[in-house]
Amino acid sequence: MTTPIPELTQRRIIELEVEHRDLDAVIDALILGGLPDELQLRRLKKRKLQLKDHITLLKIQLVPDVPA
């Protein structure tokens with residue numbers, strides 16, 4: 001039996017949100033650890049923004065179209 005698309009999308013959203021939170025923790029740890037690698041920090045922050053954008057797009061897909 002196959003899983004419906006909305007369930008798969010919701011599951012993917014949860015996975016991305018977990019990754020987003022994990023990145024937040026890594027970024028905080030790097031900053032608090034003193035002398036962070038600026039390039040690494042920029043890459044992590046960019047990935048975090050990409051995840052946020054992807055999560056937003058997936059959430060938009062879950063909302064049904066409403067006739068105007």
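Taking the Kirkwood radius as Rh and the Cα radius of gyration as Rg, the chain has a ratio of Rg/Rh equal to 1.17. Computed extension gain for ARG47 through VAL66, at 0.36 nm per residue and net of the alpha carbon distance, reaches 3.6 nm. For the chain, the longest principal axis of the Cα atoms and the long axis of helix 38-62 meet at an angle of about 10 degrees.
To the nearest ten degrees, helix 5-32 and the longest principal axis of the Cα atoms of the chain are 10 degrees apart. Rounded to the nearest 500, the 222 nm mean residue ellipticity of the chain from helices alone is -28000 deg cm²/dmol, with -39,500 (n - 2.57) taken per DSSP H run of at least 4 residues.
Laboratory data are not the source of any read-out in this text; all were calculated from the coordinates shown. All values derive from a computational prediction rather than experimental measurement.
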